[in-house]
Amino acid sequence: MGIKRTLVAGLMALCLGVSSIAAADGTFLKRDSMGREIGQLLYIDTDFGAITEVTTCAYKNGEPSLTDVDIFRGTGIFVAEGIWLTKGVSSVGPRDIQVRDVFYMRELKGEDILLSFPEQGGSRTQPDIAGLYQAFENTAIATPNMGRILLEQIGPELTLFDLNKKGVLCNYAGEIVSPNRAYTQVPLQKACHKYEVFNNKSKIVMTYLVAKDLSEAYRVKPNGEALQIYARGGVG
């Protein structure tokens, strides 16, 4: 096991457990000293724990710009006293750098969330996600990456594919506003994210639908046969 994974394993051993944050959904904003929004933290509670996505940016010249800015976006889960981002991307200059297994400490400050770099060390994100994220809304809309995390948490017993296995191609295929109209065997009446699994002949062998509030998920076979594989409060 490499040094990085050894460190991550040690941090997880210290911090894994039931998340101390209230079981509710939320959107939190990070602001700079001038009150400008420079980051966002989303979390949605599921039967597997809270799934989260953190985004932060750093303006190179101190002024908001759509082009002269570095951005980090990472997706993962809450653990007992921290946040573990299993996947992320740092867009620094012209490069997009893939990042995995990032751990930060998490502390509640009233209704707000403070992220800090752990004393045990690890890898800092670029830009750094550390800072205070202030409560903004008690709701959140899942991003496509958050929906993918939920599918991975559900597991291959119900998804029928190990989505973390090398060679399994699962692509995001967009948003469906009324899935019950698109699929006759799917009763879901709320907007959802759609994912498609392809075989080595580029043929779709499975479709997943994940509600954008992460409350439900379905698998749909090519013949239209559908099965609910997740419902908040009871799987299957």
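Mind listing whichever residues of region 98-135 are acidic (Asp, Glu), open to solvent by less than 70 Å² (accessible area, probe 1.4 Å) and closer than 16 Å to TYR43 by Cα?
Answer for region 98-135, where residues must be acidic (Asp, Glu), open to solvent by less than 70 Å² (accessible area, probe 1.4 Å) and closer than 16 Å to TYR43 by Cα: just ASP112.
Name every residue in region 136-148 that is in a helix (DSSP H, G or I) and open to solvent by 80 Å² or more (accessible area, probe 1.4 Å), in order of residue number.
ASN145
Assess whether GLN134 counts as being in contact with a Lys or Arg (Cβ under 9 Å, 6 or more places away or on another chain) and of a type outside the set (Gly, Ala, Ser).
Taking the combined requirement at face value, the residue satisfies it.
Give region 81-113 a look and list any residue that's closer than 16 Å to SER123 by Cβ and of a type in the set (Val, Ile, Thr), or say none.
Once the filter is applied, which keeps residues that are closer than 16 Å to SER123 by Cβ and of a type in the set (Val, Ile, Thr), region 81-113 yields ILE83, THR86, VAL89, VAL92, ILE97, VAL99, VAL102.
Output the qualifying pairs, or none if there are none: Cβ atoms under 8 angstrom, residues six or more apart or on different chains, first residue in region 89-112 and more than 14 Å from VAL69 (Cβ to Cβ) and assigned to a strand (DSSP E or B), second residue open to solvent by 40 Å² or more (accessible area, probe 1.4 Å) and among the aromatic types (Phe, Trp, Tyr).
Pairs that qualify, where the first residue is more than 14 Å from VAL69 (Cβ to Cβ) and assigned to a strand (DSSP E or B) and the partner is open to solvent by 40 Å² or more (accessible area, probe 1.4 Å) and among the aromatic types (Phe, Trp, Tyr), are ASP101/TRP84; VAL102/TRP84; PHE103/TRP84; TYR104/PHE117; MET105/PHE117.
Whether any residue in region 40-49 is farther than 23 Å from ALA211 by Cα, modelled with pLDDT under 95 and open to solvent by less than 40 Å² (accessible area, probe 1.4 Å) is what I want to check.
no
Return the residues of region 198-211 that are of a type outside the set (S, T, N, Q) and more than 15 Å from LEU150 (Cβ to Cβ); say none if nothing qualifies.
Within region 198-211, PHE198, LYS201, LYS203, ILE204, VAL205, MET206 qualify.
The values are calculated or read from the model by the stated rules, or taken from the named source; none is laboratory data. This is a predicted model, so every value here is computed, not measured. Neighbour counts are summed over all protein chains in view; Cβ atoms, including those assigned to glycine, are modelled from backbone coordinates with ideal geometry. Heavy atoms of the whole protein, side chains included, go into the accessibility calculation; ligands, DNA and RNA do not. Shrake-Rupley method; radii C 1.70, N 1.55, O 1.52, S 1.80 Å.
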